[in-house]
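Taking it in order: structure first as structure tokens, then the write-up.
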Amino acid sequence: MSTHKYLCMYRGAPSQNKPSPAQMQEMFAAFNGWKDTFKANILDIGSKLKPSGKVLTASGVTDGPFAEAKEVVAGFMIIAADDYEGAVAVVKAMPTMQMPGACVEIREMASF
Amino acid sequence: MRGNPGDGVLLTAASGLVDHFFRREYGRLVAILTRKVGVRHVDLVEDAVQTTLMNALTSWVAKGLPEDPGAWLYRVAHNHLVGTLRNDAGRLRILEGAANESTVAADHPVSPRFHDEVRDDLLRMLFVCCDEGIPRDSRLVLALKTLCGFSTAEIALRLFLSEANVLKRLGRAREHLREVPPDFDSLPLQALQSRLASVHVVLYLLFNEGYLSAQSDRTVRREMCDEAIRLTTLLAKHPVGATPETFALLALMYLHGARLTARLDGMGGLLLLEEQDRSLWDREQMGLGAEWLQRAASGETFTRFHAEAGIAAEHAFAPSFAQTRWKEIADLYAMLDRIAPSPLNAMNRAVAVAEWQGPEAGLAVLKAIEPPPWLLGYYLWDAVLGELHRRAGHTEEARRYIEQALASAPTDAERELLRRRLASLGSL
């Protein structure tokens, strides 16, 4: 049983390319295959995030996020793995990683 | 992928969805929603459906398939579309002075469950695509996009066009549809029957793009033929299209379609009828072709589709190449030529006559044609002349014509076929 948890954050603006219905069907099958292969690793498949939000600081609330588009977190997921190598393997096999410009940040969650 | 392409019932193990589910749902949703909000909003409908399918992809991967995926899609697409129309409503009202958008908002998004209802909407969309006001070369492209759910890139690949050209054709079609007045949408389907001839042409083109295409990918070709058969079956089973001409068109699709697989060798190359393995012909499709041909013969009408289906039937039911009834085929080509005159019919008749009465008789048929300039540069014309001269033992003429054909043949598969002919000439 993998004991380390990793937060995976999809970076970048939502992709502008429009897959065709036939391509979507292929992607759907590929995703399900990936989910099945790594079902022991995927703790929370997470979600996409809507593009805008709020940023709170000590001085108040503003609309955000204001980081550059390519740094905006567009979605997240939580996985379990023994080490970074294992976590990278799970994410690397994800169908979205085959798309140009795909970028995922993986951070181990510290356990207290 | 056997049987009736109208109802996909094969489950793909990996996804739990039937084959072509997303593509079919695209066509179904576009047809139903266009019916609801009006032809002039078809762009908005397509956008809503595209977005909905993308949302489905994400949501279903995360949460698994909903109990009724079709109903889920309909609800989400409907709500998305209503939202878009509401946002635009103020502007639309000012622009058009029409305010029937509110009827959409009041509607409950319950997916049509009855097969008949969906079928009516699909057929209506087909008749919309065949509007006489849409340029001829835009109609097929629009049908492939809206009814079959192909993307512009996929259409370009299938029709051997550039993507820019596909977009241009779609643009012209949409330009026209934006101007379709709202009262068009309340017309009963039967009122569109005057477009039936245009519908037949589009379906015939759709089939031929699959059957005669230079595209070497077998599944891509099969898919186009299946789409044509699916839509023509819908038409043939509905009062608006149940005419002997539609039946004959469907018969010819089944009878040709039955032989599609055997037409291609393992490498995607073309095989001559003579070389095809007849045991590969699809008996089930042949049976369906025969049934529809019989129904087509019920009236007094004899159309070009009747002649073409008759020819296809002669080939399909001949026990062997040698036992083919070439005289009947030659006669059918003569009838076809009277209905739809073209020197190509005479050319095909010459081939049948050559099988029936020998190559010199075939050459005599060709000599009687005064070929128009476009035919002289057409590789099949040269190829047929070359072949008949070859059989008649006129080696020199044969070589000249086959070389001419080789120079203008459009695909590798056809060039390869001609090279084989040329090689056999060398051994004479």
- Item | the stretch A:4-108 - charge dipole about Cα centre, Lys and Arg +1 at Cβ, Asp and Glu -1, debye rounded to 20 | 340
- Of the convex hull enclosing the alpha-carbon atoms of the stretch B:238-322, the direction-averaged projected area in nm² is 6.2
- Item | Karplus 3J(HN,Hα) series, Hz, for the stretch B:353-358 with 6.51 cos²θ - 1.76 cosθ + 1.60 (x for Gly, Pro) | 5, 4, 5, 7, 10, x
- Message: For A:GLY64, what residues show an amide H to amide H distance below 5 Å, using hydrogens built from the backbone and excluding near sequence neighbours?
- Response: A:GLY53, A:LYS54, A:VAL55
- Task: Taking H placed 1.01 Å from N in the peptide plane, check which residues at least 5 places from A:ALA74 or on another chain put their amide H under 5 Å from its amide H.
- Result: A:TYR10, A:ARG11, A:GLY12
- Query: Using the Kirkwood radius built from alpha carbon pairs, what does the Stokes-Einstein equation give as D for the stretch B:372-428 at 10 °C and 1.306 mPa s, in µm² per second?
  - Reply: 144
- Per DSSP H run of n ≥ 4, the term is -39500 (n - 2.57); total these for chain B, divide by its residue number, and report the mean residue ellipticity at 222 nm rounded to 500 deg cm²/dmol. -21500 deg cm²/dmol
- Task: Give, as a single signed number, the net charge of other residues whose beta carbon lies under 12 Å from the beta carbon of B:GLY171, with Lys and Arg counted +1 and Asp and Glu -1.
- Result: +4
- Could you run the Karplus curve 6.51 cos²θ - 1.76 cosθ + 1.60 with θ = phi - 60° over the stretch B:373-387 and give me ³J(HN,Hα) per residue in whole Hz, x for Gly and Pro? x, 5, 6, 5, x, 8, 4, 5, 4, 5, 5, 5, 4, x, 5
- Query: Could you state the number of Å between the C-alpha centres of the stretch B:315-377 and the stretch B:269-310?
  - Reply: 17
- Item | Kirkwood hydrodynamic radius over Cα pairs of chain B, then Stokes diffusion coefficient at 20 °C and 1.002 mPa s, in µm²/s | 90
- Query: When only DSSP loop residues count, what GluC sites (Glu not before Pro) in the stretch A:4-94 have their Cβ near at most 10 other Cβ atoms within 10 Å?
  - Reply: A:GLU68
- Could you give the Stokes-Einstein D for the stretch B:136-290 in µm² per second, using the C-alpha Kirkwood radius, 37 °C, 0.692 mPa s? 194
- Task: Positive end of the charge dipole of the protein assembly as shown (Lys, Arg +1 and Asp, Glu -1 on Cβ, about the Cα centre): tell me which of B:LEU126, B:THR219, A:PHE76 has its Cα farthest that way.
- Result: A:PHE76
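Longest exposed-loop-site-free stretch of chain B, with GluC sites (Glu not before Pro), DSSP loop and at most 15 other Cβ within 10 Å?
B:301-428
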- Message: Treating the stretch A:4-108 as a set of equal point scatterers at the Cα positions, no solvent, please give the Debye-formula log₁₀ I(q)/I(0) at q = 0.18 Å⁻¹.
- Response: -0.96
- Item | Over the protein assembly as shown - Rg/Rh using Cα atoms and the Kirkwood inverse-distance radius | 1.05
- What does the charge dipole of the protein assembly as shown about its Cα centre add up to, to the nearest 20 debye, if the Cβ of each Lys and Arg holds +1 and the Cβ of each Asp and Glu holds -1? 400
- Query: In terms of modelled amide H atoms, which long-range or inter-chain residues lie less than 5 Å from the amide H of A:HIS4?
  - Reply: A:ALA81
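All of the numbers you see were taken from the coordinates with simple rules; none came from a lab. From a predicted model like this one, the values you see are computed outputs, not experimental measurements. Using ideal geometry, Cβ is built from the backbone for each residue, glycine included, and neighbour counts are taken over all protein chains shown.
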